[in-house]
Amino acid sequence: MEFSDAQLRTCYETMVLIRRLELRTIEIFAERMKRGDFPGALHSSEGQEAIAVGVMSQLRRDDYVFSTYRGHGHAIAKGIPLERVTAEIHGRATGASGGFGGSMHLFWKDVNFMGGNGIVGGGIPLGLGTAYAAVKRGTDQVTVVFFGDGGSAQGSLHEALNMAAIKKWPLIFVCENNHDAATTHVSGNCPIENIGDRGAAYGIPGLVADGNDLFAVAEAAQQAVTRARAGQGPTLIEFKTYRHRAHCMVIPEHRPGAERTAWHHRDPIEKLGRDLLARGVADEAEFERLRRAAERRLEDALEFMRRSPEPDPSTLAHAVFAP
Ligand SMILES: Cc1ncc(C[n+]2csc(CCOP(=O)(O)OP(=O)(O)O)c2C)c(N)n1
């Protein structure tokens, strides 16, 4: 998998941006909760940044993406303008979904980001629709659906795998196996070692890759995209990863400390930093510049959010049945 030096610096900056956004969002939500002003559920993707950035690095603007409720990173990496992301997370009228969706329901048609979804596995069958539409229209757009290790046990996944494989539709199934579904370990959801191995049951490639390694992620995504664009059908990819945080802000951490520490040593941003140093793509001064650039962009986007009004309640039903 080859990236130019400039692309690698952009990947690093985007991963840092996602990380900073997750950390600042937690801070802001925590302050609100302290004031008794519950802002809604918040699921951090901290630790999973390489998957969002690596997969999107292989997609075009007009390719479709269906995300999950842990989708801030997907949204940023696919190209929703950052200020629209911050405004939506904090429920402002200028947000990507007009402030009615919040953290779990970012949506932006301009880049074919087809939304987060509060239903586990809910985006998967929707992805069949855009994949089929692309085939009918004769475009070579691909669709990516994201889901977790818990989501991999949903019937919707197996129905969609079966149909996409039979029809050879351009659909890429991306499992972010962060090893826990809320408080259930992956072994309580899947009786085999690798979720990716289930591709064999549908006669399609089932890849298993390190989700904390940008290069491994991009390599797997590239294989799947090439196959889908060539009309050869779907691919299932399992990325092994770990979320740095508990499931969401209102569920206490239950995972063993030693396990968490071990995964922190495999942090995807730290790893990419080491790789870029080794390749001579960036040095400490450059990392500092990229980190500052990400911080500035985020603070500007948060300022945009603060200046934005909340949605007018009379517009609540406006987009419910819109085409
Ligand atoms: C259909 C459905 N069942 C249950 C829930 C409650 N729920 C929300 S998140 C979650 C865990 C899902 O875990 P996983 O798919 O591994 O994704 P992760 O949260 O680890 O990213 C559950 C059970 C839901 N939102 N939707």
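The values are calculated or read from the model by the stated rules, or taken from the named source; none is laboratory data. All of these numbers come straight from a predicted model, not from anything done at the bench. As a convention, Cβ positions derive from the backbone with ideal geometry for all residues, glycine included, and neighbour counts pool all protein chains shown. Heavy atoms of the whole protein, side chains included, go into the accessibility calculation; ligands, DNA and RNA do not. Shrake-Rupley method; radii C 1.70, N 1.55, O 1.52, S 1.80 Å.
Tabulated results
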| item | result |
| --- | --- |
| Hull volume in cubic angstrom per residue (convex hull over the Cα atoms of the stretch 13-159) | 109 |
| Under 29 Å between alpha carbons - lysine pairs in the chain that sit 8 or more apart or on different chains | 14 |
| Cα-centred dipole magnitude for the chain, charges only on beta-carbon of K, R (+1) and D, E (-1), debye, nearest 20 | 620 |
| Top positive-direction residue, dipole computed over the chain with Cβ charges, set A160, C190, P256 | A160 |
| Range of Cα positions in the stretch 228-284 per principal axis (Å), largest first | 45, 37, 19 |
| Over the chain: helical MRE at 222 nm, DSSP H runs n ≥ 4 each giving -39500 (n - 2.57), nearest 500 | -14000 deg cm²/dmol |
| Diffusion constant of the stretch 22-85 at 37 °C, which comes from Stokes-Einstein with the Kirkwood Cα-pair radius and 0.692 mPa s, µm²/s | 252 |
| For the stretch 66-102 and the stretch 236-264, distance of Cα centres in Å | 23 |
| Point-charge dipole on Cβ atoms (K/R +1, D/E -1) for the stretch 71-147, about Cα centre, debye to 20 | 140 |
| Against the rule of thumb 2.2 N^0.38 Å, how large the Cα Rg of the stretch 86-239 comes out | 1.06 |
| Carbon/sulfur fraction of accessible area - the stretch 259-323, other protein chains in place, 1.4 Å, % | 55 |
| Extension gain, A30 back to V135 (0.36 nm per residue minus Cα-Cα distance, nm) | 33.3 nm |
| Beta bridges per DSSP with both ends in the chain, % antiparallel, nearest 5 | 10 |
| Cα-derived Rg to Rh of the chain, Kirkwood definition | 0.95 |
| Cα→Cβ-extended label distance, 7 Å offset, between K167 and D275, nm | 3.4 |
| Of Q7, F107, G203, farthest towards positive along the dipole that unit charges on Lys, Arg, Asp, Glu beta carbons give the chain | F107 |
| Distant-in-sequence amide H partners of G148 (H built 1.01 Å from N, under 5 Å) | G121, E176 |
| Average silhouette area of the stretch 211-256, convex hull of alpha-carbon atoms, in square nanometres | 4.6 |
| Alpha carbon convex hull of the stretch 144-202, projected area averaged over orientations, nm² | 3.8 |
| Accessible area of the chain divided out per residue, in Å², using a probe of 1.4 angstrom | 43 |
| At least 30 Å along the helix axis (C-alpha) and Kyte average at least -0.5, DSSP helices within the chain | 5-34 |
| Given charges at Cβ of Lys, Arg, Asp, Glu: the chain dipole, positive-most of H318, T68, I51 | H318 |
| Accessible surface of the stretch 110-227, 1.4 Å probe, proportion on carbon and sulfur as whole % | 53 |
